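No lab work stands behind these numbers, since they all come straight from the coordinates. As the structure is a prediction and not an experimental result, all values here were calculated from the model. Virtual Cβ from ideal backbone geometry, glycine too; neighbours counted across all protein chains shown.
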Ligand SMILES: CC(C)(COP(=O)(O)OP(=O)(O)OC[C@H]1O[C@@H](n2cnc3c(N)ncnc32)[C@H](O)[C@@H]1OP(=O)(O)O)[C@@H](O)C(=O)NCCC(=O)NCCS
């Protein structure tokens, strides 16, 4: 595969990002949701680019001691090639470099999602479940989390 570039998300990226978002989720974020995150000073927003086209993105928000992974998606033709992992690793590296107060990273994901395996590979563990959290179709949410030390080392 040609080389993937991971870089910060820009406003100009939003149309391509929303196209992937609409293909990836039954209740997709609107362009306004991404726009809002771009204005957040404590967000980490990265995109993966291949041959000048966006093929994936990740959105994290630092909320003092807890960082939330809000969104992660890779365009269907480019899945299972390590791009989701690259996005996650890059965002976690940036979080570490920011030296925020965060000592825990959390997220929720559909109980049937392949993303659970991706996150487990990167040190996250299942920490809870929310019954019927999602709709279209109705499904439980799995809560996942990972502690990070002051030096960024995973402690779970
Ligand atoms: C979840 C998602 C982001 C994964 O992106 P990706 O680029 O395909 O992920 P990777 O190639 O880095 O996969 C990493 C690991 O996750 C697991 N995984 C990912 N997709 C999988 C699949 N379809 N089946 C089984 N395991 C899978 C595997 O363990 C994989 O490692 P391996 O390929 O060495 O076996 C992508 O499938 C997607 O966009 N899904 C729809 C949106 C979504 O559910 N997002 C998560 C909500 S936060």
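Overall shape: prolate for region 40-102, with the ratio a/c of the largest to smallest alpha carbon gyration tensor axis at 1.5 or above and a/b above b/c. Sorting the segments 95-108, 27-40 by their mean number of nearby beta carbons within 10 angstrom, highest to lowest, gives 95-108, 27-40. Between residue 8 and residue 132, the contour length at 0.36 nm per residue exceeds the alpha carbon distance by 41.3 nm. What does a probe at residue 18 reach in region 50-67, counting residues whose amide N is under 20 Å from the point 7 Å along Cα→Cβ? Once the point is set 7 Å along Cα→Cβ of residue 18, 53-60 turn out to lie under 20 Å by backbone N, inside region 50-67.
What is the chain by shape, rounded, prolate or oblate, if you read a ≥ b ≥ c off the alpha carbon gyration tensor as root eigenvalues and call it rounded for a/c under 1.5, prolate for a/b larger than b/c, and oblate otherwise? Numbers along the way, then the final one.
Numbers: a/c = 1.41, a/b = 1.11, b/c = 1.26.
It is rounded, given that a/c, with a ≥ b ≥ c, falls under 1.5.
Of the residues 62, 126, 55, the one with the fewest other Cβ atoms within 10 Å heads the list, and the complete ranking is 126, 62, 55. When only Cα pairs below 8 angstrom with a gap of at least 6 residues are kept, the chain shows a relative contact order of 18 percent. Between residue 65 and residue 39, the modelled labels are 3.0 nm apart [label points 7 Å from Cα along Cα→Cβ].
Based on DSSP H runs of at least 4 residues, each adding -39500 (n - 2.57), what is the mean residue ellipticity at 222 nm of the chain after dividing by all its residues, to the nearest 500 deg cm²/dmol?
-8500 deg cm²/dmol
Just checking the listed ones, 15, 76, 137: in the Gaussian network model of the chain with Cα springs under 10 Å, the one fluctuating most is 137.
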